[in-house]
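The values are calculated or read from the model by the stated rules, or taken from the named source; none is laboratory data. Being a predicted model, the structure only gives us computed values, none of them experimental. Counting neighbours? That spans all protein chains shown, and the Cβs are built from the backbone with ideal geometry, glycine included. For accessibility, only protein heavy atoms count, side chains too; no ligands or nucleic acids. Shrake-Rupley method; radii C 1.70, N 1.55, O 1.52, S 1.80 Å.
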Amino acid sequence: MNKPTLFGYGLTTKAIAKKLGGGCTFFDDRCEKTYTDENNNTIKPSSEFNPDESTLEITTPSLPPKHTLIQKAKNILSEYDYFLGGENNANHNSYFLLPTSSFKRQTPFTVWISGTNGKTTTTQMLTHLLEKRGAVNGGNIGTPLADLDENAPIWVLETSSFTLHHIHSASPNIYLLLPITPDHLDWHGTPEQYEADKLKPLLTMKEGELALVPKGLNLPKTHAYVVEYDNNDFLCDYFKMDASKLNYKGAFLQDALLSLAITKVLFDETDYALLNTFQRDAHRQEEFSDAKGRLWVNDSKATNLDATIQAIKGYAHRHIHLILGGDDKGVDLTPLFKEMKGLPLTLYTIGANNDKLLQLAKIYKIEAVEAKNIETAVKQIDAALSLKSVGLLSPAAASFDQFNSYKHRGETFIDLVKSL
């Protein structure tokens, strides 16, 4: 069997090579001279790729469409296409209500979850609800498809817009799209292309398969059964759910309702008690108090404007001292500033887009304090914070301009507050 050529020497492609027993050829931008790793894989510089010497290429999701390797490739597939596409995808028939025995005949049944904000939490919530039925999760959440249990009856896959762009034949049995706002425009190019990539699964979905998507998008022609939602009340009414039985608020409440909607579709089941035992990851609206009993919130995982909009909505009943800024990836931030206008809020600007934030604050008449870095911002908030207000880190931007990761940013924030 000819082994595929692998683009990018990363988590996804390494897992594929391992599953194939090693001996694969990689092309990677970071490689300057050809070498062989411990699994007999050959890693070569990207510049040495010859499309005439390759019959199949699989790319790591992060390579943008304009990358030289993507442009040169003649037989490119995504990770999803390789494991779930074409003849490899046996799940051509789906049903809205499936008995457990149906899953035994279909391995795996896949639920893809995407969106601008909340993908990880919703993927984890749904897996928590379906774990008793053998569900596992993977994809963008950290486990490559090559490492997932082939015998697990259900795969819950967090699916990024990068991955979706590269998919051609793979299709989910259920596609759950969370609300989207323009993101990664430096990668996708335009808001329209970003939206089109998020809706790409509808192109390959089949009759009887469900797509649950936000209302108002430019939907392509599809054979899937599409349900468009616009608010929590609609979800509760359509899927016969009771939001009052859930211990969540704001964006987390919608994540929870969407997760329950999937279990309602599959098993006519809404286990509120089980979902209320779910533990969220750190760095997403993580509340804690300082030595004076004042409320602080670590929302460092809010790397896009929609996540920050949801966060400020959740604390709009208090005066918000908001730390904002970082690498915004070229996104138009005006929707966020329109949301902040008129709220009891003071803005503290940090990071690479510091000047841009100050200009927008002036335009929208929002009180703003230039901090430039998180250390200064915490000190400035400490001087103004009361028991009735909240200190909120929700940057609406990536962290790599000043930190190693959003986790590093969040941990730094918590340490600074605790040392006050």
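Across region 365-385, which residue is most open to solvent (accessible area, probe 1.4 Å) among those that are closer than 16 Å to K418 by Cα and in a loop (DSSP other than H, G, I, E, B)? Explain how you work it out, then say what you get.
The initial filter retains those residues of region 365-385 that are closer than 16 Å to K418 by Cα, namely 374-383, 385.
Going one step further and asking which of them are in a loop (DSSP other than H, G, I, E, B), we end up with 383, 385.
Values: A383: 92, L385: 17 Å².
If we take residues in region 365-385 being closer than 16 Å to K418 by Cα and in a loop (DSSP other than H, G, I, E, B), then A383 is most open to solvent (accessible area, probe 1.4 Å).
Run down K329, K313, K301 and say which single residue is under 24 Å from Q124 (Cβ atoms), touching a residue at least 12 places away in the same chain (Cβ under 8 Å), assigned to a loop (DSSP other than H, G, I, E, B) and not β-branched (V, I, T). Quick ask: steps written out before the conclusion?
Details: K329 fails: under 24 Å from Q124 (Cβ atoms); K313 fails: assigned to a loop (DSSP other than H, G, I, E, B).
Unique residue meeting the criteria: K301.
Could you grab me the full set of residues in region 121-162 that are part of a helix (DSSP H, G or I), closer than 18 Å to D81 by Cα and either free of Cβ contacts under 8 Å to residues at least 12 places away in the same chain or open to solvent by 40 Å² or more (accessible area, probe 1.4 Å) (or both)? Full working, then the answer.
Taking region 121-162 and keeping what is part of a helix (DSSP H, G or I), we get 121-133, 145-147, 161-162.
Within this subset, residues satisfying the condition of being closer than 18 Å to D81 by Cα are 145-147, 161-162.
Across region 121-162, the qualifying residues are D147, F162.
Counting residues that are in contact (Cβ under 8 Å) with a residue 40 or more places away in the chain and over 30 Å from D415 (Cα atoms), which helices (runs of 4 or more DSSP H) fully inside region 214-286 reach at least 3? Show your work before the answer.
Working: elements: 232-239, 250-267, 272-275.
Where helices (runs of 4 or more DSSP H) fall fully within region 214-286 and carry at least 3 residues being in contact (Cβ under 8 Å) with a residue 40 or more places away in the chain and over 30 Å from D415 (Cα atoms), they are 250-267.
Among the residues of region 96-120, which ones are modelled with pLDDT of 50 or more and open to solvent by 40 Å² or more (accessible area, probe 1.4 Å)? Please lay out each step first, then the result.
Residues of region 96-120 modelled with pLDDT of 50 or more: 107-120.
Residue satisfying the conditions is T107 alone.
Checking the condition open to solvent by 20 Å² or more (accessible area, probe 1.4 Å), touching a residue at least 24 places away in the same chain (Cβ under 8 Å), hydrophobic (A, V, I, L, M, F, W, C) and more than 20 Å from A316 (Cβ to Cβ), which residue from A397, A352 passes?
Working: A397 fails: open to solvent by 20 Å² or more (accessible area, probe 1.4 Å).
That would be A352, the only listed residue that is open to solvent by 20 Å² or more (accessible area, probe 1.4 Å), touching a residue at least 24 places away in the same chain (Cβ under 8 Å), hydrophobic (A, V, I, L, M, F, W, C) and more than 20 Å from A316 (Cβ to Cβ).
Pick from region 195-212 the residues that are over 20 Å from the mean Cα position of the chain (by Cα) and assigned to a helix (DSSP H, G or I): which of them is nearest to T116 (Cα to Cα)?
Checking each candidate, the answer is L203.
Can you name every residue in region 291-331 that is charged (D, E, K, R), open to solvent by 20 Å² or more (accessible area, probe 1.4 Å) and more than 16 Å from the chain's Cα centre (by Cα)?
If the condition is that a residue be charged (D, E, K, R), open to solvent by 20 Å² or more (accessible area, probe 1.4 Å) and more than 16 Å from the chain's Cα centre (by Cα), then K292, K313, R318, D327 are the ones that fit.
Please state which one of A256, A261, A251, A282 is out of contact with any His (no Cβ under 8 Å at 6 or more places or on another chain) and either open to solvent by 40 Å² or more (accessible area, probe 1.4 Å) or of a type in the set (S, T, N, Q) (or both).
On the way: A256 fails: either open to solvent by 40 Å² or more (accessible area, probe 1.4 Å) or of a type in the set (S, T, N, Q) (or both); A261 fails: either open to solvent by 40 Å² or more (accessible area, probe 1.4 Å) or of a type in the set (S, T, N, Q) (or both); A251 fails: either open to solvent by 40 Å² or more (accessible area, probe 1.4 Å) or of a type in the set (S, T, N, Q) (or both).
Within the list A256, A261, A251, A282, the selection yields A282.
For N93, work out the one condition from (1) under 30 Å from the mean Cα position of the chain (by Cα); (2) modelled with pLDDT of 95 or more; (3) assigned to a loop (DSSP other than H, G, I, E, B) it doesn't fulfil.
(2)
From the residues in region 267-307 that are among the hydroxyl-bearing types (S, T, Y) and touching a strand residue (DSSP E or B) at 6+ places or on another chain (Cβ under 8 Å), which one is nearest to K329 (Cα to Cα)? Write out each step before concluding.
Step one: of region 267-307, the residues among the hydroxyl-bearing types (S, T, Y) are 270, 272, 277, 289, 300, 303.
This time we only want the ones that are touching a strand residue (DSSP E or B) at 6+ places or on another chain (Cβ under 8 Å), so: 289, 300, 303.
Values: S289: 32, S300: 16, T303: 10 Å.
Result: T303.
What is the residue count in region 264-279 for residues that are among the hydroxyl-bearing types (S, T, Y) and open to solvent by less than 50 Å² (accessible area, probe 1.4 Å)? It would help to see each step written out before you state the result.
Taking region 264-279 as the starting set, the residues that turn out to be among the hydroxyl-bearing types (S, T, Y) are 270, 272, 277.
From what is left, the residues that are open to solvent by less than 50 Å² (accessible area, probe 1.4 Å) are 270, 272.
Qualifying residue count, region 264-279: 2.
Does region 178-224 hold any residues that are on the phi > 0 side of the Ramachandran plot and surrounded by fewer than 20 Cβ atoms within 10 Å (Cβ to Cβ), and which are they?
In the first step, residues of region 178-224 are kept if they are on the phi > 0 side of the Ramachandran plot; the result is 184, 189, 208, 216.
Once the filter is applied, which keeps residues that are on the phi > 0 side of the Ramachandran plot and surrounded by fewer than 20 Cβ atoms within 10 Å (Cβ to Cβ), region 178-224 yields G189, G208, G216.
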